[in-house]
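Reviewing the structure listed below.
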Amino acid sequence: MKGGEWVQVLSLVEIMATLDGEGGVEGLPFMPEMARYCGGHFRISAVMHKICGGGKGMREIRGTPLLLLDELRCDGFDHGGCSRLCTLLWKGAWLKPAAVSISGRAEEPGKMDAVWHFPAGTGGGTYSCQATRLSLATTPLSLVRKLKMAMDDVAAGEWSFMAFLKLFVRWVACRVRWLSGLILGKGKGKKPTPTEILALQPGEWVWTKSVKEIARSLDGHNKNRGLDFSVYMEPFCGKKYRVKARVGNFIHERTGKMTELKNTVILEGVSCGGDTTSGICRRAECLYWREIWLQRE
């Protein structure tokens, strides 16, 4: 299967037949939130051989590649109302070539109750989902392998060598800045970083503040009350966006625990660009914005 091709999601019964005892294929679980798309026709927006998540840095996909379909995201309904809005990841075993290119969904969500028997939680308030089990669906990359994958992206025309070189320089600068903060003890022993309550709601328009303004709300580790302001957010600063959703409770990828975020929102059309020194990740995860980093229009 290739990017741009139309596929049809198999029926839930057919997908169930592909799953192992843990409810997945090659370590990647099929989640109940995905059942509503069974029978639907969608376009493959990306074919992924590597991905950020499941551990430190970029990791290689185990077995067959992961596929992204259009803009399908998890609504967290069956996982305690998690509001991460993660991009749904698909295996080719759950899809087939579409006879017609008509986008939409088909199967009734009610059919889920009749056959699904894989729990969304693992007990003790811990959840299991694609994000928490991504480490099982991927393997770590050596430095040599990372560089090779980055060069493969250059060769494939995903980006230019100059773009890669600029990114590498920026990465080195960020590491130096971060390490200098640790060495100098920057951000330690100070009062908690500031907060602001705007009570923003989906549909409202906001302006993102400049990097310089946002920096005043961060500690020595580029965090505001534990939430990172990443380099992937800088291109979106000083621009106007609409609020897509508020972030309340979300499942922590490493622990599986439900975590609370206050005064934080997701913006429409704003997601991680995925340009790394190991190549490009197409996961396009949502970026979380503290309200203190925004201002109403």
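Over what distance in Å are the Cα centres of the range 15-88 and the range 132-154 separated?
Here the answer is 18 Å between Cα centres.
Which residue fluctuates the most in the chain, going by a Gaussian network model with Cα springs under 10 Å, if the choices are Ala99, Ala131, Ala120?
Among Ala99, Ala131, Ala120, the largest GNM mean-square fluctuation belongs to Ala99.
Give me the mean projected area, in nm² to one decimal, of the convex hull enclosing the Cα positions of the range 142-297.
In nm², the orientation-averaged hull projection of the range 142-297 is 10.8.
If I stretch the segment between Lys257 and Arg62 completely, what's the gain in nm (0.36 nm per residue apart, minus their alpha carbon distance), one decimal?
In short, 67.7 nm is gained.
Give the long-range amide H neighbours of Ser128: residues separated by 5 or more places, or on another chain, with amide H under 5 Å away, using H modelled in the peptide plane at 1.01 Å from N.
Gly121, Thr122
Roughly speaking, what is the stretch gain from Lys223 to Ala99, that is 0.36 nm per residue apart minus the C-alpha to C-alpha distance, in nm to one decimal?
Numbers: separation 124, 0.36 × 124 = 44.64 nm, distance 4.86 nm.
Result for the pair: 39.8 nm of gain on full extension.
In degrees between 0 and 90, to the nearest 10, how far off the longest principal axis of the chain does helix 161-184 point, with axes built from Cα atoms?
60 degrees
Taking the range 29-92, which GluC sites (Glu not before Pro) meet the DSSP loop condition and have no more than 14 other C-beta atoms within 10 Å?
Counting only loop positions with at most 14 other Cβ atoms within 10 Å, the GluC sites (Glu not before Pro) in the range 29-92 are Glu71.
If you compute volume of the Cα convex hull per residue in Å³ for the structure shown, which of [x] 141; [y] 116; [z] 153 do you land on?
For volume of the Cα convex hull per residue in Å³, the calculated option is [z].
State to the nearest 20 debye the size of the charge dipole of the chain about its Cα centre, where the only charges are +1 on K and R beta carbons and -1 on D and E beta carbons.
1440 debye
Add +1 for every Lys or Arg and -1 for every Asp or Glu among the other residues with Cβ under 10 Å from the Cβ of Thr132, and state the total.
Numbers: positive: Arg133, Arg254, Lys257; negative: Glu253.
Taking every Cβ under 10 Å from that of Thr132, the sum is +2.
Between Trp205 and Arg170, with labels modelled 7 Å along Cα→Cβ, what's the label distance in nm to one decimal, could you check?
That separation, rounded to one decimal, is 2.7 nm.
So what does the Cα-only Debye profile of the range 1-64 read at q = 0.21, 0.26 Å⁻¹, as log10 I(q)/I(0), no solvent term?
Reported log10 I(q)/I(0), two decimals: -1.09, -1.25.
Can you tell me the length gained on complete extension of the stretch Ser142 to Ala156, counting 0.36 nm per residue apart and subtracting the Cα distance?
2.9 nm
Between the helical axis of 143-155 and the dominant principal axis of the chain, each derived from Cα atoms, what acute angle in degrees is found, rounded to the nearest 10?
80 degrees
For the chain, what is the calculated [θ] at 222 nm in deg cm²/dmol (nearest 500), taking -39500 (n - 2.57) for each run of four or more DSSP H residues and dividing by its residue count?
Value at 222 nm, helices only: -5000 deg cm²/dmol.
Filter the cross-link list Lys212/Lys240; Lys2/Lys50; Lys50/Lys96 down to pairs whose alpha-carbon distance in this structure exceeds 19 Å. Intermediate values should be presented prior to the final figure.
Values: Lys212/Lys240 17 Å; Lys2/Lys50 15 Å; Lys50/Lys96 22 Å.
Exceeds cut-off: Lys50/Lys96.
State, as an integer percentage, the relative contact order of the chain based on alpha-carbon contacts under 8 Å between residues 6 or more apart.
Reported as a whole number, the value is 20 percent.
Every read-out reported here was derived from the displayed coordinates using simple, explicitly stated rules and does not represent laboratory data. Keep in mind that what you see is a predicted model, and the values were worked out from it rather than measured. Every residue, glycine among them, receives a Cβ derived from its backbone with ideal geometry; neighbour counts consider all protein chains shown.
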